[in-house]
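All remarks here apply to the structure that follows.
The values are calculated or read from the model by the stated rules, or taken from the named source; none is laboratory data. Bear in mind that the values here come from a model prediction, so they are computed numbers and not experimental data. Note: ideal-geometry Cβ built from the backbone for every residue, glycine included; neighbour counts use all protein chains shown.
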Ligand code: ATP
Ligand code: MG
């Protein structure tokens with residue numbers, strides 16, 4: 001179909017209604033879709049249609065189809081402000097908006113300078129929750145300036161409450177704060193009672209159920225008192241909101257269409273939110289792949305996607321996509337073989353029309369040799385015309401790339417790392433954010449703690465006195481001003497009070513400059529490498545300028561937990577070319593021409609942290625499958641023979657002698673080209689072929 005446009009102003013909608021009309025000569029941006037994709041894109045026309053499920057393997061165009069469906073809906077008159085698009089990461093939301101925008105541009109025949117309609121409600125479950133809660137804060141009894149805690153802060157707060165509850169001093173060891181937070185997270189996301197969560201996922205904490213129950217209640221009360229929400233609260237509060245029929249109807253009525261990508265990784269809470277938004281399923285589209293479910297460890301339920309069609313009175317229409325457009329057939333053969341031994345699954349073998357080279361299984365001596373080999377190949381391919389950003393190195397745990405990072409730095413190869421927010425975790429960045437947070441929300445105890453202790457002359461006792469006074473009084477701000485600081489801190493305290501006022505008065509993003517000016521002398525006093533850190537802060541200011549308001553900025557920064565984030569740690573400038581380093585989890589949904597998978601050894605993949613049950617092993621297998629299906633043309637799995645486990649181990653230098661990952665069985669290995677790298681780093685694909693020598697005789701002769 002050729003899409004043209006006819007624009008009419010509707011009195012009820014905020015944006016123009018666009019009705020497609022045939023416009024001879026205009027290219028159809030949807031023409032490349034195959035029949036099944038098109039069926040999904042066109043399903044139901046513009047009116048909210050019966051529910052739709054697209055379930056299909058990696059690289060078959062699910063995300064492409066979803067973006068095209070968004071574009072098609074807008075073309076046919078849907079209001080972009082009333083489309084809710086839920087994606088797995090912030091970056092995925094941006095990409096989706098861009099893809100849909102490009103299609104719309106072509107479909108509507110817009111000129112290059114004209115912007116395609118924006119999709120203001122494209123985001124992660126957590127960011128959408130934060131926005132809805134903030135918009136309705138007053139009605140929900142939440143303070144309007146509530147803050148969102150990031151993982152590290154939530155852990156600190158949990159530690160604080162744990163201590164206050166007297167659980168830090170019990171004679172037998174009570175679970176650590178990180179474990180307590182993980183239990184809390186699972187209780188929320190799986191909607192399961194503490195006892196069940198402990199029995200199923202934290203068996204080493206058995207016996208502490210009552211204390212944990214008490215702790216989690218105290219933690220919840222403390223957050224409410226401080227007007228802070230942690231990451232899991234965002235979903236929890238949104239979910240509770242949707243359990244109120246009037247509120248659910250009101251929130252649901254804001255949207256005509258709800259579309260969800262990567263549905264296989266939603267948890268029970270998220271699925272219930274989606275259903276509460278669209279109880280009869282009309283206007284609901286979900287897409288996903290059960291073979292790529294990799295978040296069960298965080299309470300995701302693959303059942304959500306498998307049972308989706310039957311949940312509605314009018315069962316969902318199911319569209320299955322079969323052709324893979326991403327990878328060559330030899331790479332797909334390898335990926336198919338990896339997943340073949342998984343237990344029952346819905347999506348079937350992938351097929352492609354593209355031929356190409358076989359993937360490589362590369363045996364290297366150790367992690368150093370691994371880093372060298374990867375850096376060599378990356379540069380070689382770049383010389384051959386493949387930009388760095390078309391290549392990616394994937395690994396199971398963020399720490400696995402440490403040796404490679406050093407090698408890349410040594411050779412001056414720029415890279416970004418996804419899946420670990422090194423940047424936001426750095427002390428100086430946290431200091432600056434704490435200042436912005438505390439000025440904005442004086443009840444934010446952790447931010448206050450950080451800022452107060454930063455000031456020379458203020459120790460823990462004084463900080464506690466200040467924060468207690470601020471918490472107990474009705475007016476936290478007044479208590480802040482009434483605080484009598486230790487004499488040595490008087491000047492810095494007065495400076496902070498002025499700054500806090502200026503921060504509240506300043507517009508956005510000017511407030512960041514105010515905070516930077518305040519922090520500068522502290523930066524110089526606290527850090528020898530102030531110049532390097534200043535660059536980070538300027539970068540933070542740049543990022544801040546991209547957000548519409550302080551609230552959006554602070555909330556969004558706290559949103560993606562480090563292990564799921566797709567945001568980069570210290571990105572080079574956008575026009576730079578850089579290699580991508582990513583955890584396998586953060587690589588979800590993406591693709592690169594060349595992919596190198598580090599440490600394809602047992603203990604890394606499957607992780608030795610996840611070998612407890614058959615279900616966990618299966619999830620690790622799917623994770624490797626996600627990694628291998630990211631590659632378009634070149635794929636290498638690296639197998640260090642000696643793998644360094646704990647650099648700081650007390651026993652000195654500890655290595656495990658690497659066994660090839662159990663997921664690469666002999667049948668799987670047969671689909672790879674085996675490469676052995678000798679000590680000099682030279683490849684030896686066929687094994688060194690020596691000419692026949694009678695060595696025994698030579699040795700005899702030498703004597
Ligand atoms: P994943 O399971 O990894 O999330 P996916 O199913 O979402 O993958 P996409 O990322 O949408 O797949 O698409 C994979 C690749 O195939 C992209 O490069 C996309 O541009 C391309 N592609 C999708 N559909 C078509 C098509 N009909 N014609 C040509 N290329 C296509
Ligand atoms: Mg996708």
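Quick notes on this one:
- Taken residue by residue, segment 175-194 has no member that is assigned to a helix (DSSP H, G or I) and free of Cβ contacts under 8 Å to residues at least 12 places away in the same chain.
- Hits in segment 197-213 - residues which are assigned to a helix (DSSP H, G or I), surrounded by 14 or more Cβ atoms within 10 Å (Cβ to Cβ) and over 25 Å from the mean Cα position of the chain (by Cα): 198, 199, 205, 209, 211, 212, 213
- Contacts under 8 angstrom Cβ, first residue in segment 285-304 being without any contact (Cβ under 8 Å) to a residue 24 or more places away in the chain and over 15 Å from residue 274 (Cβ atoms), partner within 14 Å of ligand 2 (Cβ to nearest atom) and in a loop (DSSP other than H, G, I, E, B), 6 or more apart: none
- Total residues in segment 121-143 satisfying the condition of being exposed (fewer than 14 other Cβ atoms within 10 Å of the Cβ) and in contact (Cβ under 8 Å) with a residue 24 or more places away in the chain: the figure is 0.
- Residue count for segment 277-293 satisfying the condition of being in contact with a strand residue (DSSP E or B) (Cβ under 9 Å, 6 or more places away or on another chain) and within 13 Å of ligand 2 (Cβ to nearest atom): 4.
- Meets criteria (within 16 Å of ligand 1 (Cβ to nearest atom), crowded, with 17+ Cβ neighbours inside 10 Å and either within 28 Å of the chain's Cα centre (by Cα) or not in a loop (DSSP other than H, G, I, E, B) (or both)) for residue 369: no
- For residue 605, the requirement of being modelled with pLDDT of 70 or more, under 24 Å from residue 393 (Cα atoms) and part of a helix (DSSP H, G or I) is not met.
- Residues being over 12 Å from residue 287 (Cβ atoms) and more than 10 Å from ligand 2 (Cβ to nearest atom) - total across segment 58-96: 19
- Checked against (1) out of contact with any helix residue (DSSP H, G or I) (no Cβ under 6 Å at 6 or more places or on another chain); (2) within 20 Å of residue 418 (Cβ to Cβ); (3) part of a helix (DSSP H, G or I), residue 392 passes all but condition (3).
- Residue that is at pLDDT below 90, surrounded by fewer than 19 Cβ atoms within 10 Å (Cβ to Cβ) and within 16 Å of ligand 1 (Cβ to nearest atom), where the choices are 354, 323, 389, 345: 345
- Answer residue from segment 144-168, given it is free of Cβ contacts under 8 Å to residues at least 24 places away in the same chain and not in a helix (DSSP H, G or I) and is surrounded by the most Cβ atoms within 10 Å (Cβ to Cβ) among those: 168
- Residue match in segment 131-153 (condition: in contact with a strand residue (DSSP E or B) (Cβ under 8 Å, 6 or more places away or on another chain) and at pLDDT 90 or above): yes
- Total residues in segment 587-643, condition more than 22 Å from residue 288 (Cβ to Cβ), more than 20 Å from the chain's Cα centre (by Cα) and within 16 Å of ligand 1 (Cβ to nearest atom): 5
- Residue 94 being away from ligand 1 (no atom under 12 Å from the Cβ), farther than 30 Å from residue 331 by Cβ, touching a strand residue (DSSP E or B) at 6+ places or on another chain (Cβ under 9 Å) and modelled with pLDDT under 85: no
- Cβ-Cβ contacts under 8 Å between residues 6 or more apart (or on different chains), taken from a first residue in segment 622-638 that is on the phi > 0 side of the Ramachandran plot to a second residue that is part of a loop (DSSP other than H, G, I, E, B) and within 11 Å of ligand 1 (Cβ to nearest atom), are absent.
- Across segment 26-70, the qualifying residues are those that are more than 11 Å from ligand 1 (Cβ to nearest atom) and free of Cβ contacts under 8 Å to residues at least 24 places away in the same chain, and the one among them that is surrounded by the fewest Cβ atoms within 10 Å (Cβ to Cβ) is 47.
- Residue selection: residue 380 fails the criterion of being away from ligand 2 (no atom under 16 Å from the Cβ) and outside any helix (DSSP H, G or I).
- Restricting attention to segment 328-342, the residues that are in a loop (DSSP other than H, G, I, E, B) and touching a helix residue (DSSP H, G or I) at 6+ places or on another chain (Cβ under 6 Å) total 1.
- If you filter segment 262-285 down to residues that are more than 16 Å from residue 59 (Cα to Cα) and within 16 Å of ligand 1 (Cβ to nearest atom), you find that the one that is surrounded by the fewest Cβ atoms within 10 Å (Cβ to Cβ) is 265.
- Screening residue 216 on (1) out of contact with any strand residue (DSSP E or B) (no Cβ under 8 Å at 6 or more places or on another chain); (2) over 27 Å from residue 66 (Cβ atoms); (3) at pLDDT below 95 shows it passes everything except condition (3).
- Which numbered condition residue 550 misses (of (1) at pLDDT below 65; (2) crowded, with 21+ Cβ neighbours inside 10 Å): (1)
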